[in-house]
Every structure is written in C-alpha cells, then in structure tokens.
Amino acid sequence: MDPIKNPYSPNAGAPPPAFVGRGAVLTAFATALGRIQIGKSQKSMLPTGLRGVGKTVLLNRFAEQARALGYLVAQIEASESETFMEALASEARTTLYELSAKAKIRGAVSKALGVLKSFTLTFDMAGLSVQLGVDPQVGAADSGILSNDLTALLVAMGQAAREEQTAVLIAIDELQYLNEEQLAAIIMAVHRVTQLALPLLVVGTGLPQLPALAGNAKSYAERLFDYPAIGALSREEAFEAIRKPARSEGVDIEDAALERLYKITKGYPYFVQEWAYRVWNLATKSPIALDDVDRAEPEVLARLDESFFRVRYDRLTPREKQYLRAMAELGPGTHRSGDITRILKVRVETLSPLRGGLIKKGMIYSPQHGDTAFTVPLFDAFMRRTMPTL
Ligand SMILES: Nc1ncnc2c1ncn2[C@@H]1O[C@H](COP(=O)(O)OP(=O)(O)OP(=O)(O)O)[C@@H](O)[C@H]1O
Ligand SMILES: [Mg+2]
C-alpha cells in the first residue's frame, strides 16, 4: 500500500490513529478534573504500565482533556539525570505567566512568582531565577528542605489559580525516575494541596514499580493516588486499532491476518503499531492477507531488534546482559529471583546490587517481593535471539 498514506504511528508518544481500550481511565480522569474545578477533594491517579503500552499518549490525552476544560497545563518528563526540579520550576514559571496574562501580575499570582523565585534561589537554579523579574518571597520555599519548599510552591500556585478562577494540571511522565527525596516532596505537596482543596491536580505515569516507590517515599501515598494499570489491548481492541485506520484509507484486512498480528504482538500497543505499519507498506492489495503478515516478519523483527530493543540492550553492562539472558531463559512473565540465580549458579545476595541497578535503569521491576519481570514486553525473546547461548 501507499507508504505516504500509511496510517499507523510506531513512535514514542505519537498519537495512534485509533486510540482504543482506554475509555474507563479517561472517564475517571474527566471526573477528577471536573471535581477539582468545583473545589471538591479528589484522589489523583498515577497510571502505570510496561514500556510501549501507551502511557505518554494517555498523559497527552489527559492534558488535552484538561485544556478543553480551561485548565492551564504544565507537562514535564522526568529523566535519569535528576534535573526534575529545574524542569518543574521552569514549567511553573510558564504556567504562572500564563495565569498573569489573564489579568495583571497581582495578588496571589504575584505572591506565587515570589515563592517560585525563592524556590529557584534556594535550590541554585541560577538561570531560571534571573529570568523571573520579581523579588523572592521571604520565608516561603527557602528552608532548603525540598518537601517543605515544593509544598509551598504548589500551594502558592494552587492559590493563584483559585484567585484567577481557573485550575492547573501538572502532568509528569516517567515518574519512576524521580529519586526518593523528589518523589516524597511531590507526594507531600499533593497531600497539602488536597487538604486545602486547591484547584491544582498532579497526574503522572510510570513503570510498574511506581506504586512501590511512592509507598516507600511516603506511606500515605496509596490514599492519595489510584494506580490504574495500563496494559496490552484485548483481542477486539487490537483488531479495532489495526482495522479502523486501514478502513479510513479504504483498505480492508482479513480476520486471519488480524488474528496473526494479535498473536505476535500480544496486543502491546507499540508492537501493534510497528507491525501494522510494516505490513501496510509490504502489502500490495486490499484486503491485506495473512501472507502479507508472514512476509513482513523478518523485516519487522530485524527492525525491532535494531531499534526498540537495541537501544535498551546497549545501555547494559556485560554482567547485566548476563543476568537478563538468564532471566530470558525462563521465558516471559514473572520469575523468582532464586530461579534466576540458580541458572547463573550464584547466591541470591551476590546479585542484589546488579538487580537493583537494572531496576533503576528501568529494565526490570519487582511485581512483588522476590519476583522479577521485564519492563519491556517480549524482551525475553529478544535476549534469546541476540545472545543465543547463556
Ligand atoms: N490505546 C492505544 N491504541 C493503539 N495504539 C496505541 C495506544 N496507546 C498507544 N499506542 C501506540 O503505542 C506506541 C507507544 O505509545 P507511548 O509512547 O505512549 O507508550 P509508553 O507507555 O509511553 O512507552 P514508554 O514506556 O517507552 O515511554 C505508540 O506508537 C502509540 O501510537
Ligand atoms: Mg512514554
């Protein structure tokens, strides 16, 4: 089929042509936004899921929902580099200027800018603080204790939003990269904002270890957030995700082809997009058939191995590769740490730093104590392809 008209979107964060299977979580989020706007207290949510299930796309949808209701939206992507608070302060600055554009810099908005100025000075964000042409708010966000100072900042922003009769959404992607101090500070700030029923909502997405990280940072986190699991699409949803975009280009696809695509991708959204994209380019006539899927297989696997899987593999040390290869020997799903160490013929304790490092890199997570699973779907098969022997 014409590659120019190819409707699929196999790229990180790219909105899919048919966004399927996320109705319940979008509805729940719309309710949360509505409640916050009228001053009702509301749990926020932190959707979690494996790599490529559509967390970023979902978070972008949340942001769109919020903007449509008149919210001001600050979006931040956390990374391993620990510069999260700078990114947050910078977004806070933009948001506060958007707020003040609605009126003049006065009252609570002016105070919030002063609090932000204090915050940037306290935490040595020189570049940002110069740009903020206001005086620091003495006594606010200047204790040097991140939890307290971030709380002061978000409370001031919430008060500014309330005074201007609007609401603010702070949307954070890759939340699992925050260190414990940063995560604890966010949770404490959200706690305070919720108690004061201010019109400011924090939503975030992350890998499946996020609920445990948040619980460790602050034990009351589970009462502040829901953690909806974002997972693979069901068979029907995967069929729709592939068939609908094709039909809107006047192309059909046989059930047998869809069945095979579902079986290979297991309904993981990123794989669904990547496979559908390649199969479309390879097929020459409508309806796309099973044979087209089979012919695409070598090319798609090679492409996935070179890109999606390879970028992750290349960040591993030789010992980490060995550990993951041993895990892959046990197949997909969750494995006991003891079983992995048995394959490697070492004691469990000797591997805990290695395992901890892999969790930090976001390669694996612990669904429950003593268990280990890949964060990247189908990574076990990739490891066996790339390292055929243990
Ligand atoms: N509900 C959906 N239906 C169909 N396709 C989807 C859906 N959600 C996401 N996708 C597609 O899946 C791919 C991955 O989406 P996205 O980048 O949002 O995943 P992610 O969970 O943020 O991944 P990562 O953990 O690597 O950041 C994209 O190509 C996107 O178009
Ligand atoms: Mg993402």
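Just to be sure I understand, how many residues within segment 204-239 are β-branched (V, I, T) and either over 22 Å from the mean Cα position of the chain (by Cα) or surrounded by fewer than 24 Cβ atoms within 10 Å (Cβ to Cβ) (or both)?
Taking segment 204-239 as the starting set, the residues that turn out to be β-branched (V, I, T) are 205, 230.
Remaining after also requiring either over 22 Å from the mean Cα position of the chain (by Cα) or surrounded by fewer than 24 Cβ atoms within 10 Å (Cβ to Cβ) (or both): 230.
Matching residues across segment 204-239 total 1.
Whether any residue in segment 206-217 is out of contact with any His (no Cβ under 8 Å at 6 or more places or on another chain), outside any helix (DSSP H, G or I) and modelled with pLDDT of 95 or more is what I want to check. So that I can check it myself, show each step before the final result.
Residues of segment 206-217 out of contact with any His (no Cβ under 8 Å at 6 or more places or on another chain): 206-217.
If we keep only those that are outside any helix (DSSP H, G or I) too, we end up with 206-209.
Narrowing the set further to residues that are modelled with pLDDT of 95 or more leaves 206.
Looking for residues that are out of contact with any His (no Cβ under 8 Å at 6 or more places or on another chain), outside any helix (DSSP H, G or I) and modelled with pLDDT of 95 or more, one finds at least one in segment 206-217, hence yes.
Looking only at residues in segment 240-264 that are among the β-branched types (V, I, T) and in a helix (DSSP H, G or I), which one is most open to solvent (accessible area, probe 1.4 Å)? Steps first, answer last, please.
Step one: list which residues in segment 240-264 are among the β-branched types (V, I, T), which gives 242, 251, 253, 264.
Checking the rest, the ones that are also in a helix (DSSP H, G or I) come to 242, 264.
Working: I242: 8, I264: 41 Å².
Of everything passing the filter in segment 240-264, I264 is most open to solvent (accessible area, probe 1.4 Å).
Which is modelled with pLDDT of 90 or more and either in the same structural domain as Q176 (by TED's automatic domain parsing) or open to solvent by 50 Å² or more (accessible area, probe 1.4 Å) (or both), of R385, R347? It would help to see each step written out before you state the result.
Values: R347 fails: modelled with pLDDT of 90 or more.
From the options R385, R347, the qualifying one is R385.
Quick check, is E164 modelled with pLDDT of 95 or more and away from ligand 2 (no atom under 16 Å from the Cβ)? Give the derivation first.
Working: modelled with pLDDT of 95 or more: no; away from ligand 2 (no atom under 16 Å from the Cβ): yes.
Judged against the criteria, E164 is not a match.
Given the options G267, G362, name the one that is surrounded by fewer than 20 Cβ atoms within 10 Å (Cβ to Cβ), at positive phi and not in a helix (DSSP H, G or I). So that I can check it myself, show each step before the final result.
On the way: G267 fails: surrounded by fewer than 20 Cβ atoms within 10 Å (Cβ to Cβ).
Residue meeting the stated conditions: G362.
How many residues, within segment 370-390, are β-branched (V, I, T) and closer than 14 Å to L50 by Cβ? Please lay out each step first, then the result.
Step one: filter segment 370-390 for residues β-branched (V, I, T), giving 372, 375-376, 386, 389.
Next, from what is left, pick out any that are closer than 14 Å to L50 by Cβ: 372, 375-376.
Selection size over segment 370-390: 3.
For segment 208-216, does any single residue satisfy the condition of being away from ligand 1 (no atom under 16 Å from the Cβ), assigned by TED's automatic domain parsing to the domain that holds E77 and more than 24 Å from K361 (Cα to Cα)?
No, that holds for no residue.
The values are calculated or read from the model by the stated rules, or taken from the named source; none is laboratory data. Please read all numbers here as calculations on a predicted model, not as lab measurements. Cβ coordinates were reconstructed from backbone atoms using ideal geometry, including for glycine residues, and neighbour counts include every protein chain displayed. All accessible areas refer to the heavy atoms of the entire protein, side chains included, with ligands and DNA or RNA removed. Shrake-Rupley method; radii C 1.70, N 1.55, O 1.52, S 1.80 Å.
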